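What follows is a single structure, written as structure tokens, with notes after it.
Here, each number is a calculation from the coordinates, and none is a lab measurement. Please read these numbers as outputs of a predicted model, since none were measured by experiment.
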Amino acid sequence: MTQNARLLNYLETHPNGITTLEAMQHLKILRLSERIRELSKYYEFSHTPEHTENGARVIRYKLLNAAPQVVHSLPTSPVGSPAGAASYKSWMR
């Protein structure tokens, strides 16, 4: 499962959203903002600044609209398929 698919599944089941630290801990995603940017072509997200207990500022991302039919049409990793690689590259633009 791709990082984008894992992130969408998480956000659909966690209405409180996710922060970068939570994405690292739960999903092993290091560049959450980039995954959100990629998915924002298909979905709408909110991003709300928060402060942790020790005063650090973080951003919490929440999925605002869910479109399950799009999840299944997102390209997967291009590994092993030249056609898949072309599809993935065109989706990444």
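One chain, two ends: Arg57 and Ser40. Fully extended at 0.36 nm per residue, the span grows by 3.9 nm beyond their Cα-Cα distance. Extension gain for Leu64-Glu50 works out to 3.3 nm (0.36 nm per residue, less the C-alpha to C-alpha distance).
By the gyration tensor of its Cα atoms, with a ≥ b ≥ c the square roots of the eigenvalues, what is the shape of segment 1-62: rounded for a/c under 1.5, prolate for a/b over b/c, or oblate? Cα axes put segment 1-62 in the prolate bin.
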